[in-house]
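Accompanying notes for the structure given below.
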Amino acid sequence: MGDDAVHELTAAYALDALEPAEARGYEEHLAGCERCREELASLQSAAGALAYAVEPARPPESLRGRIVDAARAERPNVVPLRPRSWTRPPAVVAAVAACAAVGLAVWNVSLHDRLGRAQQALRGVPLTGAKGSVVVSGGSGALVVSDLAPAPAGKTYEAWVVEGGRASPAGTFAGGGRTIVIRLTHALPAGAVVAVTLERSGGAAQPTQKPFITSAPL
């Protein structure tokens, strides 16, 4: 695998989408490539956050009551230094428990907001017609495709960004790898679709065939 091809595996590696052999080869390359290390660092924090980007869990109404009951049932587990032991007034216990419940709710919402922003920074859009996705970061991204046969002799695969019925060229590639990552050379506006056609070698200015791979709207 040439150096240029290895550079293009960064997004797939961040998403843990490489085969074991490909991952080992990329890691060997990573040890001596500062460019890939910097790009990987910028992607991994957002990629890791995708696993946690779930809908916020609203604390149940019964949570406060359970916390208060547990606090009231608590007994001192040390020998008191004075003959008279001190017991916290029930009002104080209730106030502390209520603050804890409110704190949990605020923390939950705050965490969800932060992870939601991270998810928007790096997200995967599924494909139809092939295994893979479009990895989108801001207004740019990459096409990740698995198990795509090599393009026939004299032909090339060409990616397109389709918006409002107009297709713009976004890069050509040969196919043939277990996992292929193609950095799209055209901006990815919201609502656009990424498509792939089979074209003559060198690519075309406009699609000459119906796309056989398309993404969901970005």
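The values are calculated or read from the model by the stated rules, or taken from the named source; none is laboratory data. What you see is a predicted model; the values in this text were computed from it and never measured. Glycine gets a Cβ as well: all are built from the backbone with ideal geometry, and neighbour counts include every protein chain shown. Accessible surface areas use protein heavy atoms only, side chains included; no ligands, DNA or RNA. Shrake-Rupley method; radii C 1.70, N 1.55, O 1.52, S 1.80 Å.
Quick grid of which residues meet (1) within 20 Å of Val196 (Cα to Cα); (2) at pLDDT below 90; (3) assigned to a helix (DSSP H, G or I); (4) open to solvent by 50 Å² or more (accessible area, probe 1.4 Å):
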| position | (1), (2), (3), (4) |
| --- | --- |
| Val102 | no, yes, yes, yes |
| Gly132 | yes, yes, no, no |
| Val136 | yes, yes, no, no |
| Tyr157 | yes, no, no, no |
| Val162 | yes, no, no, no |
| Gly171 | yes, no, no, no |
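Just wondering, is there one or more residues in region 12-23 that are modelled with pLDDT of 65 or more and more than 19 Å from Val144 (Cβ to Cβ)?
No, there is no match, as no residue in region 12-23 is modelled with pLDDT of 65 or more and more than 19 Å from Val144 (Cβ to Cβ).
What do you reckon, is Pro207 surrounded by 12 or more Cβ atoms within 10 Å (Cβ to Cβ) and in a strand (DSSP E or B)?
no
Hey, any hits in region 144-158 for a residue that's under 15 Å from the mean Cα position of the chain (by Cα) and in contact (Cβ under 8 Å) with a residue 12 or more places away in the chain?
yes
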